[in-house]
Amino acid sequence: YMLPRGGALGSTVDVVFTGQYLQNPKQILFYGTGIRTVSLEEGAKRGFEVRAKLEIASNCPIGEHVLRLRTNNALTEPVTFWVSRFPTVLETEKKSGENDTVAKAQAIPLNSTVEGQISAGGEPDVDVYQVTVDAGKRISVEVEAIRLGTTPRDGENDLMVRILDFDGKQ
């Protein structure tokens, strides 16, 4: 797999591939246009981690891009990388529960893409984000999780969005 799973138009993104048999990385193969590899090197966990820097052109097509990592001896399974018109904000939660309530919500700017992670554990992972919106304004939220093609922990992600007011009322 690869993290982060996407980036914004016109940006440069540091990504990490994690898996097995990743020693001696040679090339990232893109099946479309608009993204290029700036750098590619083995990570701290030799054979299990590769670090790359990807440059996303300002005219890159928005949406899903399929790519594969080629090493000296292997070609990885295809992974998807998503290009957004908005800047990406990474979830800051380090362990489950750190942003699970309105009081602990991670503040994010409007017109941004949030890249969150589903933390392992017995209880479902809940992530709460806070945006500031003027009264009477509309907001739009889109969840892309299932389209990322990642099915961790033996199943598809079952996600939902609830919009709460300042007091936590739905």
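Couple of notes before you dig in:
- The conditions of being open to solvent by less than 60 Å² (accessible area, probe 1.4 Å) and of a type outside the set (Ser, Thr, Tyr) are not met by Gly136.
- Condition met for Gly121 (under 16 Å from the mean Cα position of the chain (by Cα), surrounded by 11 or more Cβ atoms within 10 Å (Cβ to Cβ) and modelled with pLDDT under 80): no
- Selection of the stretch 14-26 for residues being part of a strand (DSSP E or B), closer than 16 Å to Thr80 by Cα and open to solvent by 20 Å² or more (accessible area, probe 1.4 Å) yields Asp14, Val16, Thr18.
- Check on Lys53, within 23 Å of Gly116 (Cβ to Cβ) and in contact with a strand residue (DSSP E or B) (Cβ under 9 Å, 6 or more places away or on another chain): yes
- Residue list for the stretch 29-58, restricted to those being open to solvent by less than 40 Å² (accessible area, probe 1.4 Å) and not small (Gly, Ala, Ser): Ile35, Glu49, Val50, Leu54, Ile56
- Residue match in the stretch 67-83 (condition: aliphatic (A, V, I, L, M), more than 29 Å from Leu110 (Cβ to Cβ) and more than 19 Å from the chain's Cα centre (by Cα)): yes
- Of everything in the stretch 59-78 that is within 12 Å of Tyr1 (Cβ to Cβ) and outside any strand (DSSP E or B), the residue that is least open to solvent (accessible area, probe 1.4 Å) is Thr76.
- Of the residues making up the stretch 79-100, those that are in contact (Cβ under 8 Å) with a residue 40 or more places away in the chain, open to solvent by 40 Å² or more (accessible area, probe 1.4 Å) and among the β-branched types (Val, Ile, Thr) number 1.
The values are calculated or read from the model by the stated rules, or taken from the named source; none is laboratory data. Just so it is clear, the model here is predicted, and its values are computed rather than measured. Here the Cβ is made from the backbone with ideal geometry for all residues, glycine too, and neighbour counts use every protein chain on show. Keep in mind that these areas ignore ligands, DNA and RNA; they rest on the heavy atoms of the full protein, side chains included. Shrake-Rupley method; radii C 1.70, N 1.55, O 1.52, S 1.80 Å.
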